[in-house]
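To start, the structure under review is shown below, and the notes come after it.
The values are calculated or read from the model by the stated rules, or taken from the named source; none is laboratory data. Source: prediction; values computed, not measured. Methodologically, a virtual Cβ is constructed for each residue, glycine included, from the backbone with ideal geometry; neighbour enumeration extends over all protein chains shown.
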Amino acid sequence: MKHNLHQQFQIIFNKEAEKAYFSPGRVNLIGEHIDYNGGLVMPCAITFGTYVLVSPNNDHVFRFRSLNFDDKLDIPLKETYKKTGESWFNYPLGIIDYFLQDSHQLQGLDMLYYGDIPISSGLSSSASIEVVTAYMLNDLFNGGYTKLELVQLGKQVENVFIGVNCGIMDQFAVAFGEKDKALMLNCDTLEYEAVNTNLGDYVLAIINTNKPRKLAESKYNERVQECQTALKTLQQELDIQNLCDIDSGTFKKHQHLITEGTVLKRAQHVIEENDRVKLAAKALADGNLQSFGQLMYASHDSLKNLYEVSGKELDAVVEYSQTNPNVAGARMTGAGFGGCAIALVKESAFDTFSKEVTDYYTEKIGYAPSVYSSLIGDGVGLLKETLNTNI
């Protein structure tokens, strides 16, 4: 479906939009289940995302509309808000509540949202909505927040207002993303390096398994607990604050402390995956996509066998990718148990890849995946163009 966003805004609100903003989704290229263990991740912004068009009103009302969802909200300007139900507008409402709690003077707004990120795919549609709303309010009302503070604000809204125990990687990636660069982010210190990521004649294939991620949240919390158990055990001999404070060599010398087999596997994945991110950054900086691709495969193997957060759907995508000479590497991305896999595919072979992976997956799983092609894009910002072209 294509939408002329300014025209849609005018139809819905009977006036012109004053400004338009965009925030991307993100994929994590490598470094999975690391963010809550104080280590390194390597996300990048993608070229799908969330658009919001806005115009202030004098009615002291916030009006939320979306071209993706039927549910809408008109709510008077108040001192505070609470999450109501599970609707999409809770994410921007939580951001507005944060601004009000932080003593910012706001006025009524008419807002139209449109996103081309597949919902519940693990590509961070929620973080995209949070960050674009925070950026918009900061711009419209001279909030004075730095971009990092907007990221931290978005995470707090997700954790407290929405009630999801996520790390900071998603909001960080969609805010700080840069075209043709991956972000090597230290989740403990929030220091980051933008790593040149020239994909050359490759594109990023995003394969949505279309499997509902029902297990993800409960298993996510279980993995967090298992990692905390491993950390406490290692702290008997090591002065560390996070599992990722040590490398694989140090871990091997002290892994005898962990007597529970499952906990040992979880810790091994986290520490080795953190080392893989460092190797991946070097491979990308050197333009060695084949080495990077092998690290992607190794990451998936570890997530499947040590961390046990994959599944037959994600495995099917990677299994097919390993048979295709036009694929440099592939892995699951995100929390797992469904969601998306990513693959580095030669641009000239993308259409063939898309058809063949769809056929392989459908035969094995019983329904089709959705396959998208993306480049690495920029983070959140004000749109200078008029958006009068179809999107």
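When the range 120-155 is limited to residues that are of a type in the set (Val, Ile, Thr) and farther than 24 Å from residue 7 by Cβ, the one that is surrounded by the fewest Cβ atoms within 10 Å (Cβ to Cβ) turns out to be 146.
Output the residue which, of all residues in the range 7-37 that are hydrophobic (A, V, I, L, M, F, W, C), farther than 30 Å from residue 243 by Cα and out of contact with any Gly (no Cβ under 7 Å at 6 or more places or on another chain), is surrounded by the fewest Cβ atoms within 10 Å (Cβ to Cβ). Per the criteria, the residue is 11.
For the range 294-338, a residue qualifies if it is over 18 Å from residue 40 (Cβ atoms), surrounded by fewer than 21 Cβ atoms within 10 Å (Cβ to Cβ) and small (Gly, Ala, Ser), and exactly one does: 311.
If you go through the range 91-105 and keep only what is over 17 Å from residue 22 (Cα atoms) and either surrounded by 24 or more Cβ atoms within 10 Å (Cβ to Cβ) or in contact with a Leu (Cβ under 9 Å, 6 or more places away or on another chain) (or both), you end up with 93, 94, 96, 98, 99, 100, 102, 104. All conditions but one from (1) more than 20 Å from residue 134 (Cβ to Cβ); (2) touching a residue at least 60 places away in the same chain (Cβ under 8 Å) apply to residue 53; the one that does not is (1).
Scanning the range 175-220 for residues that are touching a helix residue (DSSP H, G or I) at 6+ places or on another chain (Cβ under 8 Å) and part of a helix (DSSP H, G or I) yields 175, 176. For the range 276-293, filtering for residues that are surrounded by fewer than 18 Cβ atoms within 10 Å (Cβ to Cβ) and either within 22 Å of the chain's Cα centre (by Cα) or free of Cβ contacts under 8 Å to residues at least 24 places away in the same chain (or both) leaves 6. The set of residues from the range 212-249 being crowded, with 16+ Cβ neighbours inside 10 Å, at pLDDT below 95 and farther than 29 Å from residue 176 by Cα comprises just one member, 215.
Residues checked against (1) assigned by TED's automatic domain parsing to the domain that holds residue 355; (2) aliphatic (A, V, I, L, M); (3) under 24 Å from residue 281 (Cβ atoms):
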| site | (1), (2), (3) |
| --- | --- |
| 157 | no, yes, no |
| 164 | no, yes, no |
| 179 | no, no, yes |
| 185 | no, yes, yes |
| 189 | no, no, yes |
| 192 | no, no, yes |
| 208 | yes, no, no |
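May I ask you to list the residues in the range 106-119 that are modelled with pLDDT of 95 or more and surrounded by fewer than 20 Cβ atoms within 10 Å (Cβ to Cβ)? Within the range 106-119, 106, 107, 108 qualify. When the test is whether a residue is of a type in the set (Ser, Thr, Tyr) and modelled with pLDDT under 95, residue 66 does not pass it. Out of everything in the range 184-198 that is over 17 Å from the mean Cα position of the chain (by Cα) and crowded, with 19+ Cβ neighbours inside 10 Å, what residue ends up being nearest to residue 341 (Cα to Cα)? Only one residue tops the list, namely 197. Taken over the range 350-378, the residue count meeting the criterion of being in contact (Cβ under 8 Å) with a residue 12 or more places away in the chain, more than 16 Å from residue 332 (Cβ to Cβ) and not in a helix (DSSP H, G or I) is 8.
Among the residues of the range 331-382, the ones that are under 30 Å from residue 20 (Cβ atoms) and not charged (D, E, K, R) come to 18 in all.
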